[in-house]
Amino acid sequence: MMDGLIYWHWLILAAVLIGAEILAPGIFLIWLGAGAALTGILTFLLPDLAWQVQALIFAVLGVVATLVGPRLYGPTVDEVSDHPGLNRRGDQHLGRTYRLSAPIVNGSGRMKVGDTTWKVAGPDLPEGASVKVVGVDGIVLLVEAVK
């Protein structure tokens, strides 16, 4: 009997990692499972590899599979949307012009858009001034004065 790891140990690890991916999806463990499966195949083809070499092969293949696999797999359904700005409400206001509902003082103010009040950042301006949204920083709209 051989000392150390045998090819089927790696195949069992691959099955466990892929099974864990099914239970807790995140498209991460599946790539480590692929690395373990490839290590098992290499260990089957080269049975005299020391366990340290096998572990190094698994580490390298796991990292490579994790970095390359998602790029080859392509975007998921969640990444392709017909409403790309749906959960980024501030992005929907980029390039639009509004009037300030409160003055911008010390770089901070408020602006009413529809039935929502947004915090804005920009140059000091009086209430009612026209501003254009030029950026978004989290939940703050970055504005500049419209001439």
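What follows is calculated from the coordinates using simple rules that are stated; it is not laboratory data. All figures in this text were calculated on a predicted structure; none of them were measured in a lab. Reconstructed Cβ throughout: ideal geometry from the backbone, glycine too, with neighbour counts over all protein chains shown.
The residue of region 1-55 that is surrounded by the fewest Cβ atoms within 10 Å (Cβ to Cβ), among those that are outside any helix (DSSP H, G or I), under 22 Å from the mean Cα position of the chain (by Cα) and not hydrophobic (A, V, I, L, M, F, W, C), is GLY26.
Among residues of region 11-27 that are of a type in the set (Asp, Glu), those with a Cβ under 6 angstrom from a residue that is assigned to a helix (DSSP H, G or I) and surrounded by 14 or more Cβ atoms within 10 Å (Cβ to Cβ), sequence gap 6+ or separate chain, pair up as GLU21/LEU29; GLU21/ILE30.
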